[in-house]
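See structure below.
Nothing in this text is a laboratory measurement; each read-out follows from the coordinates by a stated rule. Keep in mind it's a predicted model, so treat the numbers as computed, not measured. Cβ coordinates were reconstructed from backbone atoms using ideal geometry, including for glycine residues, and neighbour counts include every protein chain displayed.
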């Protein structure tokens, strides 16, 4: 049980890094090709949206990966 908990915590830590990285890369591509984000009148609104969403995704990624690992480990036995 402790091995499963330790593995779940490590995957949770990995999820706190991997999920924001993946979403951040997708959002950067989106802002490059979005014409509204390249206008001078935008004044950094798109960039602040990226920072806000990435900050909120850190705990989401951690919990998602941790719970997924716990459930998979419990089902495997």
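Data table
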quantity	calculated
Virtual spin-label span in nm between residue 5 and residue 38, 7 Å along Cα→Cβ	5.3 nm
Full-extension gain in nm, residue 25 to residue 68, via 0.36 nm per residue minus C-alpha separation	13.2 nm
Cα long-axis angle, helix 45-76 against the chain (0 to 90 degrees, to the nearest 10)	20 degrees
Which label in [x] 26, 13, 10; [y] 32, 15, 11; [z] 36, 10, 7 gives the computed semi-axes √(5λ) of the Cα gyration tensor in Å	[z]
Between helix 2-33 and the chain: long-axis angle, C-alpha atoms, 0 to 90°, nearest 10	20 degrees
